[in-house]
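Chemist: Encoded as C-alpha cells, here's the structure I'll be asking about.
None of the figures in this text is laboratory data; all of them are computed from the coordinates on show. This structure is a prediction, so every number in the text was calculated from the model and none was measured. For neighbour counting, all protein chains shown are included, and Cβ atoms are generated from backbone atoms with ideal geometry for every residue, glycine included.
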C-alpha cells in the first residue's frame, strides 16, 4: 500500500506527485452554500498519497498548481461535488477530468450500485472501511483512522479508472463518457448558481 503523508495548509513543494492524479475532498457537509472545504486528498501514479488539511484563507499555491495542471488527467469519484468545492473555495477549474462514478453508471448498467466501495470490491477485490465517512473534518487535528480513511479514497482510483475505461470502450460509450466529463465544469457552474435541483433540459 502507498505511504500516506499528512500536510497542514498546503502540499510541500517537494511533494512527489507523478503523472495523472487521483483527487478527492472532504467537507463539513454536502451544501456549497452552508458547508466548507476541509481536506483535499491527492495521489499520483505509483506515488505517495497526500492528505492536505485546508482552511481559510485557502492560500495553498502548491495544491492549486497540481489541481490546475493541464498536462495531467485528474481522476475523481463523483467529480461533480469535488470540483464544485474546489472551484468555490480554491478558485480552481480542474481540467482533464475522469469521473469513475459517471463511468460506472455508463458501463455497469447491470447494477444500480456505483459507490467507490462497491467499485473497489467488485473490480479490485478490495474492501474499503467507510466508518470514518461521517467524521468532523473541520477538526484542527485528525485521528489516524480519519487520515487512513481520507487516503483510501484516492489509493485505488487509477486502477478503477483503467478497468472502467476498458468497459466503456467495450460497450461503445467512451465518447459519451468523455462528453459527460467535459460538461462537468458547466454542471458545477449551474450547481454554484443555484440550479442544482432543477433539470433545465426538462419541458
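Chemist: Quick one: Cα centre-to-centre distance for segment 114-133 and segment 36-75, in angstrom?
Modeler: 22
Chemist: For every helix of n ≥ 4 consecutive DSSP H residues, a contribution of -39,500 (n - 2.57) applies; sum these over the chain, divide by its total residues, and give [θ] at 222 nm rounded to the nearest 500 deg cm²/dmol.
Modeler: Mean residue ellipticity at 222 nm (helix-derived): -11500 deg cm²/dmol.
Chemist: Divide, for segment 8-97, the radius of gyration over alpha carbons by 2.2 N^0.38 Å, where N is the residue count.
Modeler: Computed over Cα atoms of segment 8-97, the ratio equals 0.98.
Chemist: Relative contact order, percent, of segment 4-192 when contacts are C-alpha pairs under 8 Å separated by at least 6 residues?
Modeler: So the answer I get is 24 percent.
Chemist: If a paramagnetic tag sat 7 Å from the Cα of residue 3 along the Cα-Cβ line, which residues of segment 12-30 would have the backbone N under 13 Å from that point?
Modeler: Residues 15-17 fall inside that zone.
Chemist: While we're looking at this one, here's another question. How do 129-136, 195-202, 181-188 rank on mean C-beta neighbours within 10 Å, highest first?
Modeler: Packing proxy ranking, top to bottom: 181-188, 129-136, 195-202.
Chemist: While we're looking at this one, here's another question. Just to be sure I understand the model, the point goes 7 Å from the Cα along the line to the Cβ. What's the resulting residue 70 to residue 35 distance in nm?
Modeler: For the pair residue 70/residue 35, the computed spacing is 3.2 nm.
Chemist: Once the chain is represented by equal point scatterers at the alpha-carbon sites, with solvent omitted, what log10 I(q)/I(0) does the Debye formula produce at q = 0.08, 0.09, 0.17 Å⁻¹?
Modeler: Normalising to I(0) and taking log10 leaves -0.25, -0.32, -1.23.
Chemist: Of the peptides 10-20, 160-170, how do they stack up when ordered by the mean number of other Cβ atoms within 10 Å, highest first?
Modeler: For the peptides 10-20, 160-170, the packing ranking is 160-170, 10-20.
Chemist: Right, here's the next one. Between residue 141 and residue 109, what is the label-point separation in nm under the 7 Å Cα-to-beta-carbon projection?
Modeler: The modelled label-to-label distance comes out at 5.3 nm.
Chemist: Report the label-to-label distance for residue 130 and residue 183 in nanometres (one decimal), using points 7 Å from each Cα along the Cα→Cβ vector.
Modeler: Once both label points are built, they end up 2.5 nm from each other.
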